Amino acid sequence: MTAEATNELIRQVPEWNLENEGSTMKLSRSWKVKTFLKGLEFFEAVANVAEAEGHHPDLHLVGWNNVKIDIWTHAIGGLTENDFILAAKIDGLNVHHLLSRKVAK
């Protein structure tokens, strides 16, 4: 994916960040959840979307209430349009009841 295409698509998912890990570009976003169990519920909701899409992000539960998702296409070692589509679908999930009022950045 070109830098121009990446910069265009990232505007469609403004809560996500572009991260360059080594030479691999990834989409990344973090949330703060109410409890440890709410974090697991959050991941279950994400997992259902990911499974339906056949595209599986890296899920991280950091501490007891911080969740982070990294999306990238492992097969090519970088970003594709499908990564941005999955990010948008995750953004569309109704998970507000799982989140604490302070949103992690």
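Numbers for the structure displayed
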item	result
Lone qualifier among Ala5, Ala47, Ala75, Ala52 - being aliphatic (A, V, I, L, M), within 12 Å of the chain's Cα centre (by Cα) and either on the phi > 0 side of the Ramachandran plot or not in a strand (DSSP E or B) (or both)	Ala47
Tally, over region 10-35, of residues that are modelled with pLDDT of 95 or more, surrounded by 11 or more Cβ atoms within 10 Å (Cβ to Cβ) and either more than 14 Å from the chain's Cα centre (by Cα) or of a type in the set (Asp, Glu) (or both)	4
Output for region 24-40, where each listed residue is closer than 25 Å to Asn82 by Cβ and of a type in the set (D, E, K, R)	Lys26, Arg29
Residue in region 84-94 that is in a loop (DSSP other than H, G, I, E, B), in contact (Cβ under 8 Å) with a residue 40 or more places away in the chain and within 10 Å of the chain's Cα centre (by Cα) present	no
Filtered residues of region 22-53 (kept if closer than 25 Å to Ala5 by Cβ and either aliphatic (A, V, I, L, M) or free of Cβ contacts under 8 Å to residues at least 24 places away in the same chain (or both))	Gly22, Met25, Leu27, Val46, Val49, Ala50, Ala52
Residue among Asn94, Asn82 that alone is touching a His at 6+ places or on another chain (Cβ under 7 Å) and modelled with pLDDT of 95 or more	Asn82
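The values are calculated or read from the model by the stated rules, or taken from the named source; none is laboratory data. Predicted model, so just to flag it, every value in this text is computed and none were measured. Reconstructed Cβ throughout: ideal geometry from the backbone, glycine too, with neighbour counts over all protein chains shown.
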